[in-house]
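Novice: The structure follows.
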């Protein structure tokens, strides 16, 4: 299984178990995403990350975690939430510049919640939908 598929599979398993009531909130919070086989986690410091949600906006430094492909995850280095309890956002990119359907956020209590399809917009170098924007472009 390739790196992107491994990351997506880990999120989907946790999400399905949570929705079906197989995992309690504490289990989901500790489940995390396993490091994909064969791919080392690359952590980049990004000076300007953008996260826009219906409940607030964040603009500032963050970490961009990659696994050797176009997919990425953003988080704050100190583990604090960006806005509305969101601590991580994963954007699962199959083809750079294409629409993605695999996007998730980790929120209050560590729960993983799907965001929905996102489209890349060159003007802001970010992934957007009408109610959500995420961007973290390394220099």
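The values are calculated or read from the model by the stated rules, or taken from the named source; none is laboratory data. For clarity, every value in this text was computed on a predicted model and none was experimentally measured. Neighbour counts run over all protein chains shown; Cβ positions are idealised from the backbone, glycine included.
Novice: Taking the residues in segment 117-139 that are touching a residue at least 40 places away in the same chain (Cβ under 8 Å) and farther than 18 Å from residue 102 by Cβ as candidates, determine which candidate is surrounded by the most Cβ atoms within 10 Å (Cβ to Cβ).
Specialist: Ranking the candidates gives 137 first.
Novice: Anything in segment 104-116 that is surrounded by 12 or more Cβ atoms within 10 Å (Cβ to Cβ) and either over 22 Å from residue 61 (Cβ atoms) or modelled with pLDDT of 90 or more (or both)? List them, or say none.
Specialist: Across segment 104-116, the qualifying residues are 104, 105, 106, 108, 110, 111, 112, 113, 114, 115, 116.
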